[in-house]
C-alpha cells in the first residue's frame, strides 16, 4: 500500500506520514479517498484495500440522497459512526390513490427540531405482494408527486419493479425483492438500471452466498435483508453477528448495510425492537407505525447516537434575541454548546422578559467544561462583548454570567468594564431571576 501512495508526507489526509496512512488503510480505519493526491492507477489497485468493512451504498436523488454503510468500527468511542440509520415509512400499493396521498401527507408532517437541527423521515418503502404492475406503477407515481424522499421498491414481482423503474429510475430507488432461484434476473435488472439491490436469505450462510454471486456478476451496491425463516426480520443478535463478522473477521460477503423491518405484534414491541436496531447496527429501519409519538423517540435516539463524540454540537457564536428586546433588555452570556443554548432559551421565553443571549466561542463545550479548559474566561467573554458591539445598542453595561462560574465576575469587570451580575447556577431558575433580580 505504501509503495502505491505519493509518499510526500503532505499530511492532507490527517496522518503525519504516508506510512501511517498506509497502516490505517490496511486496518480499515480510513478510506483511500482521504488522500487527495493518490493516482488513478493506485486507486484501481487499492480498491479492495480501501473498501471499508461495510460497503457504502447510496440511493435516492442527489438532493435527498441516503448514504448507508461505510462503517469501520463496532463502537462509537473507537472512532465514530458515519451514516445514521435510515428510517423509512411503508406505503401499501394496495391502498387507494386517496389513501396513499393521505399517508404521504402524514409522512411529510413527520418533521422535528432537535437542538436547532431539522430531523425527519429519510425514505419511503412502496410495498406490494406482486401481480399488479400497473397498480404498483400508479402508486409509485403518487409517492413521487407527493413526497420528495428516496424510494425503496419492495415487491417479489420483478415485473412490478420494472414498471415502477420506468418513472423512478432517475431517482435511483433501492430495489427489494430478490427471491430464491431468480437471482440472475434481479442481477441483470440492477446492472441495467444502475440501482442498488436488497438481498435476503433463509440463513446468514445463504445471504453470504447470494451477496458473493451478485458481486461476482458485477453488482456492487448491495443491502442485506437477513429475514431468517418466517420472522420477516433479523434479531439484534443476528445484526451483531453480521457487524462483528464484517469488522473483526473481514467477511466481505456480510460486509454490507443491513435492512430490518420492525414487525413485532405489539406497538411497544415494535418500538423496543426499532430502538435496539438503531443501537445495534441497522442501516435501514422500515416502520409501519406513523404516529409522531412513535417516531420522535427513535429519531431522537438516532440523533444522539450518531453525533460525533469528538465534535460537540455547537451554535454559531454571536448574539441571539429572545422576543423583541429593547436597549434596556438583559444580556445573558454563556457558551455556544447547543444543549446549553437550548436549555437557556426556553427558560428566558418562559420568563416573558425579552433578552439577548451572547454565545462565546467555547468550541462547543458546556459552561464548566469550557471554564476548566480556559475556553470560557474573562478574556474570551470580553472579546465576545467587544465583537458583538452591544455597548452601542444597549442603554446599560450589565452582563449576566452563569452562576457556575461566579469566580469570573471580578476579573471580568476589570477587563471588560462591564458590570457583572452573577446569574443562577441552573437554567431552570432563570425565569424567577429575570423577573425579580434583574427587574428589581
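The table for this structure:
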{"item": "Given (1) surrounded by fewer than 14 Cβ atoms within 10 Å (Cβ to Cβ); (2) in the same structural domain as residue 387 (by TED's automatic domain parsing); (3) touching a strand residue (DSSP E or B) at 6+ places or on another chain (Cβ under 9 Å), number of the condition residue 333 does not satisfy", "result": "(1)"}
{"item": "Complete set of residues in segment 389-408 that are over 33 Å from the mean Cα position of the chain (by Cα), surrounded by 16 or more Cβ atoms within 10 Å (Cβ to Cβ) and part of a helix (DSSP H, G or I)", "result": "390, 405, 408"}
{"item": "Members of segment 38-69 found to be at pLDDT 90 or above and over 18 Å from residue 124 (Cα atoms), listed by number", "result": "54, 55, 56, 69"}
{"item": "Of all residues making up segment 171-186, the number that are at positive phi and touching a residue at least 40 places away in the same chain (Cβ under 8 Å)", "result": "1"}
{"item": "Scope segment 81-106; condition under 18 Å from the mean Cα position of the chain (by Cα) and outside any strand (DSSP E or B); matching residues", "result": "81, 82, 83, 84, 85"}
{"item": "Any chance residue 439 is under 41 Å from the mean Cα position of the chain (by Cα), at pLDDT below 95 and more than 21 Å from residue 339 (Cβ to Cβ)", "result": "no"}
{"item": "Residue check for residue 271: under 20 Å from the mean Cα position of the chain (by Cα), touching a residue at least 40 places away in the same chain (Cβ under 8 Å) and within 28 Å of residue 177 (Cβ to Cβ)", "result": "no"}
{"item": "Any hit, segment 290-310, residues being in contact with a helix residue (DSSP H, G or I) (Cβ under 6 Å, 6 or more places away or on another chain), in a loop (DSSP other than H, G, I, E, B), over 30 Å from residue 360 (Cβ atoms) and in contact (Cβ under 8 Å) with a residue 60 or more places away in the chain", "result": "yes"}
{"item": "Among the residues listed as 143, 100, the single one being surrounded by 13 or more Cβ atoms within 10 Å (Cβ to Cβ), in contact (Cβ under 8 Å) with a residue 24 or more places away in the chain and closer than 21 Å to residue 66 by Cα", "result": "143"}
{"item": "Residue that is surrounded by the fewest Cβ atoms within 10 Å (Cβ to Cβ), among those in segment 349-370 that are more than 19 Å from residue 313 (Cβ to Cβ) and out of contact with any strand residue (DSSP E or B) (no Cβ under 8 Å at 6 or more places or on another chain)", "result": "352"}
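Yes/no matrix, rows are residues, columns are (1) under 24 Å from residue 147 (Cβ atoms); (2) loosely packed, with under 15 Cβ neighbours inside 10 Å; (3) not assigned by TED's automatic domain parsing to the domain that holds residue 298:
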residue	(1), (2), (3)
31	no, no, yes
39	no, yes, yes
42	no, no, yes
66	yes, no, no
69	yes, no, no
79	no, no, no
87	yes, no, no
91	yes, no, no
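The values are calculated or read from the model by the stated rules, or taken from the named source; none is laboratory data. Here the structure is a predicted model, which is why all the values come from computation and not from measurement. No Cβ is skipped: glycine too gets one built from the backbone with ideal geometry, and neighbour counts run over all protein chains shown.
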